[in-house]
Amino acid sequence: MYDIPDSQILPLSLAHNFWTWSAQKKVSPIPVKRAQGVYFWDVHDKRYLDFNSMVMCVNIGHGDPRVINAIIRQAQELPFAGPQMATRPRAVLGKLLSEITPIGLTRFLYTLGGADANENAIKLARGYTGRHKILTRYRSYHGATYGAIALTGDPRRTAWEPTVMPGIVHFLDPYRYRSTFHHTNPNISEEDFALDYLNHLEEVILYENPNTIAAILLETVTGTNGIIIPPKGYLQGVRELCNKYGIVFIADEVMSGFGRTGKWFAVEHWGVEPDIMTMAKGLTSGYAPLGAVAMKPEIAAAFDERVYEGGLTFNGHPISLAAAIAVIEVMRNDHLVEKAAETGKVMGKLLQQLEGKHPSVGETRSIGLFGAIELVRNRNTREPLAPFNGTSPEMTAFRTYCLQNGLFLYTHWNIVLVIPPLIITPEQLVEGFEILDRALNITDKAVEV
């Protein structure tokens, strides 16, 4: 029944599937046949270097037999147990996560992915504080389910408004390259820059009444909206504001967690301890669907005597938990967090070289193996190469060239994301950057001089 020829994968997929994030008449998927390491192959045996870890998740690389065998063993022993059951993988994963997450996060709620992890995080914060408002940033993405899309700040939210979840308030990101507050004083120090945005946040808190605010939810490092790395003092300042007003600090580490930034979790770079932290993607490296909400014991204790009204059939699925256990073991044994930090230095230099060579590169940003190239028409005016929430012929041509030459990556408006598997070697990075270098000749032609 399943033994169809390679030639039928694409036409049958197009005939019977409804595609997300796509106009159905315009979808053009790559018919993937196999994957290994940092590469995958289509049905024509064309090889692609995966510069997006498929969906920013395959941190340990494709096809690792240690994880695959762990999944097989779990399927043979106990393929499913309900979410109210205690199982061996549930017992083991909780212990492992408590060893690698920031200090104080010792209780874990398992979900199907990042979106419902974020939704559960705000339920926990609301239940713990008795307040209802959640503050999130405009350049944020927290998931596509109705609650998570309400939390999201970028235009993916507005497509589905009015959302069904009230009480969400958005505020501005400390995005230095496009700062709302600093057009006339671009040379402000990093610390003062952070302070201006913290003052903005505190003003919003006061306008909204701190006694109504349950949580501030942040992507520690903003992901698809541009790899926006927080300036010095910013996250510490957010932590202090949360302490001052009794607000729960939720760190969304769905994309930035599990070694992506050169630490197990990005918050470690700034020594900040969130009250709640969400994770997914790299948690299983995409080998099985899983998300998790890590929380301090006092958050969990709020539900010691009252029922936590939440949960789905497949929460704590044994096969997904077994995959996560195996992924953590692989990352520890292969020192992938440390490797990402070191290889990230190489990637940072390669990004800087592109910035120095190509006039269409307005800025590059990276932390670990989490990088972005911001493309512009004019470096002085910083006019983006594609409009906000839009694309352009140049961006389309850029991505087409990359795919034609075997480089798979993700572009978002005028930003190119560079998020390869953590196992990538410097030589493989250079391989990909050589294609990027040639592709940027296309965007350079659009620069206004």
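A compact globular protein would have a Cα radius of gyration near 2.2 N^0.38 Å; the ratio found for segment 167-223 is 1.24. Pairs of lysines in segment 66-333 whose Cα atoms sit within less than 22 Å of one another amount to 15, provided the residues are eight or more positions apart or on different chains. A straight Cα-to-Cα reach below 24 Å connects Lys25 with the lysines Lys33, residues fewer than 8 places away in its own chain not being considered. Counted by Cβ distance under 15 Å from Pro79, the other residues give a net charge of +2, where Lys and Arg count +1 and Asp and Glu count -1. Rounded to the nearest 20, the size of the Cβ-charge dipole of segment 66-333 about its Cα centre is 680 debye, with Lys and Arg at +1 and Asp and Glu at -1. Coupling constants for segment 362-374 follow from the phi torsions by the Karplus curve (6.51 cos²θ - 1.76 cosθ + 1.60, θ = phi - 60°), and in residue order they are x, 7, 10, 9, 7, 8, x, 9, 10, x, 8, 10, 9 Hz; glycine and proline get x.
Pop the C-beta distance of Asn199 and Asp3 into the FRET formula with R0 = 45 Å and round what comes out to the nearest 0.05.
Working: r = 63 Å, r/R0 = 1.40.
The pair Asn199/Asp3 has a calculated efficiency of 0.10.
When the distances between all Cα atoms of segment 66-333 are binned every 10 Å from zero, what whole-number percent does each bin get? Taking every Cα pair in segment 66-333, the percentages come to 7, 30, 35, 20, 6, 1, 0. Averaging Cα coordinates gives a centre for segment 323-398 and one for segment 15-87; these two points are 23 Å apart. Peptides 311-317, 26-32 ordered by packing proxy, namely the average of other Cβ atoms within 10 Å per residue, highest first: 311-317, 26-32. Backbone phi angles across segment 148-157, fed through the Karplus curve with coefficients 6.51, -1.76 and 1.60 (θ = phi - 60°), yield HN-Hα couplings of 5, 6, 5, 5, 4, x, 6, x, 4, 6 Hz in residue order; Gly and Pro are listed as x. Given Cα pairs under 8 Å that are at least 6 residues apart, what percent is the relative contact order of the chain? In percent, rounded to a whole number, it is 21. Quick check: from the Cα gyration tensor, does the chain come out rounded (a/c under 1.5), prolate or oblate? Verdict is oblate for the chain. Taking square-rooted eigenvalues a ≥ b ≥ c of the alpha carbon gyration tensor, is segment 172-303 rounded, prolate or oblate, where a/c under 1.5 means rounded and, failing that, a/b exceeding b/c means prolate? Oblate shape, in that a/c is at least 1.5 and b/c is the bigger or equal ratio. Judged by the ratio a/c of the largest to the smallest principal axis of the C-alpha gyration tensor, segment 277-401 counts as prolate, that ratio being 1.5 or greater while a/b is larger than b/c.
Computed from backbone phi, the HN-Hα couplings of segment 247-258 come to 9, 6, 9, 10, 9, 8, 10, 4, 9, 8, x, 6 Hz, rounded to whole numbers (Karplus: 6.51 cos²θ - 1.76 cosθ + 1.60, θ = phi - 60°; Gly and Pro given as x).
Annotation: the antiparallel percentage among DSSP beta bridges lying fully within the chain is about 65. For segment 314-411, applying the loop criterion from DSSP together with a ceiling of 10 other beta carbons within 10 Å to the GluC sites (Glu not before Pro) yields no site. Simple rule: put +1 on each Lys or Arg Cβ and -1 on each Asp or Glu Cβ in the chain, find the dipole, and look at Thr101, Thr152, Pro31; the Cα lying farthest toward the positive end is Pro31. Comparing Ala340, Ala117, Ala35 in a Gaussian network model of the chain (Cα springs below 10 Å), the most mobile by mean-square fluctuation is Ala35.
Listing Thr145, Thr220 from fewest to most neighbouring C-beta atoms within 10 Å gives Thr145, Thr220.
Between Gln24 and Glu99, the modelled label-to-label distance comes to 4.9 nm, taking each label 7 Å out from Cα in the direction of the beta carbon. Protection proxy ranking of 415-427, 399-411, 275-287, by the mean of other Cβ atoms within 10 Å over each peptide's residues and highest first, is 275-287, 415-427, 399-411.
The numbers here are math on the coordinates, done by the rules we state, and not lab data. Since the structure is predicted, the reported quantities are computational estimates derived from the model, not experimental observations. When we count neighbours, we look across all protein chains shown, and the Cβ atoms used for this are built from the backbone with ideal geometry, even at glycine.
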